[in-house]
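**Q** What follows is a structure written as structure tokens; I'll ask about it next.
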Amino acid sequence: MNKLSRIFALAALSAVVFAAPASADDVKAGDLVISQAWSRATPGGAKVAGGYLTIENKGTVADKLVGVSADIAGKAEVHEMAVDNGVMKMRHLDKGLVIEPGKTVKFAPGGYHLMLQELKGPFKQGDKVPVTLQFEKAGKVAVSLDVQGVGAQAPGEGGHMMKKMPDHSGMKM
């Protein structure tokens, strides 16, 4: 192999290694894989924040997310936002959320989310906020929400874009 071929081979290998999505933060619990856990930074005095993540069920049996807890919040719940007769409504999923076998459920702004209320402190960009998910079969699963910028719409965003979806961080409850 000549020098130029080795340089191209090394460059290609480097591109693959550094471009591959980081999966070190993926959490496996039984047949479930929880990934892309994140939240937004909260403005001063905010008492509410949303948490977002992806849950994939790689098994053959359904599991159910029945609850969530976080030391930084006095109250934490699983919520859903949906449009009903042209009005955006949010509701607590008090019976939990089923994760069907072979399916992926994405928690994102404007849809399913973790509702963290009665915050004991602000979320600052760059922080990691520990939360515990409670599943019917997989049990308690600890994950960390990576705190993005105030206006972030997805993990890895700085939050400098205009907000397209509702932001719970300023709500008083």
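**Q** I'm told D26 meets every condition in (1) charged (D, E, K, R); (2) without any contact (Cβ under 8 Å) to a residue 12 or more places away in the chain; (3) more than 20 Å from A154 (Cβ to Cβ) except one. Can you identify the failing condition by its number?
**A** Every listed condition holds for D26 apart from (3).
**Q** Being part of a loop (DSSP other than H, G, I, E, B) and open to solvent by less than 30 Å² (accessible area, probe 1.4 Å), is that true of even one residue in region 71-81?
**A** Among the residues of region 71-81, not one is part of a loop (DSSP other than H, G, I, E, B) and open to solvent by less than 30 Å² (accessible area, probe 1.4 Å), which makes the answer no.
**Q** Let me ask another. In the set G50, G67, which member is surrounded by 12 or more Cβ atoms within 10 Å (Cβ to Cβ), in contact with a helix residue (DSSP H, G or I) (Cβ under 9 Å, 6 or more places away or on another chain), modelled with pLDDT of 95 or more and of a type outside the set (D, E, K, R)?
**A** Unique residue meeting the criteria: G50.
**Q** Is region 34-53 home to any residue that is touching a strand residue (DSSP E or B) at 6+ places or on another chain (Cβ under 7 Å), touching a residue at least 12 places away in the same chain (Cβ under 8 Å), charged (D, E, K, R) and over 24 Å from V147 (Cα atoms)?
**A** No, every residue in region 34-53 fails to be touching a strand residue (DSSP E or B) at 6+ places or on another chain (Cβ under 7 Å), touching a residue at least 12 places away in the same chain (Cβ under 8 Å), charged (D, E, K, R) and over 24 Å from V147 (Cα atoms).
**Q** Next question, about the same structure. For region 25-41, state whether one or more residues are within 20 Å of M115 (Cβ to Cβ), surrounded by fewer than 16 Cβ atoms within 10 Å (Cβ to Cβ) and at pLDDT below 95.
**A** No, the conditions are met nowhere in region 25-41.
**Q** Now, a different point. So which pairs qualify, if the first residue must be in region 71-84 and over 23 Å from V105 (Cα atoms) and β-branched (V, I, T), the second must be in a loop (DSSP other than H, G, I, E, B) and open to solvent by 50 Å² or more (accessible area, probe 1.4 Å), the Cβ gap must be under 9 Å, and the two must be at least 6 apart or on different chains?
**A** I72/K120
**Q** Considering region 116-133 alone, what residues qualify as being open to solvent by less than 60 Å² (accessible area, probe 1.4 Å) and part of a strand (DSSP E or B)?
**A** Those that are open to solvent by less than 60 Å² (accessible area, probe 1.4 Å) and part of a strand (DSSP E or B): L116, Q117, L119, V129, V131, T132, L133.
**Q** Same structure again: Consider region 126-151. How many of its residues are under 12 Å from the mean Cα position of the chain (by Cα) and among the hydrophobic types (A, V, I, L, M, F, W, C)?
**A** The total comes to 6.
The values are calculated or read from the model by the stated rules, or taken from the named source; none is laboratory data. All values reported here derive from a predicted model rather than from experimental measurement. Quick reminder, even Gly has a Cβ in these numbers, built from the backbone with ideal geometry, and neighbours come from all protein chains shown. Surface areas here come from the heavy atoms of the whole protein model, side chains and all, with no ligands, DNA or RNA. Shrake-Rupley method; radii C 1.70, N 1.55, O 1.52, S 1.80 Å.
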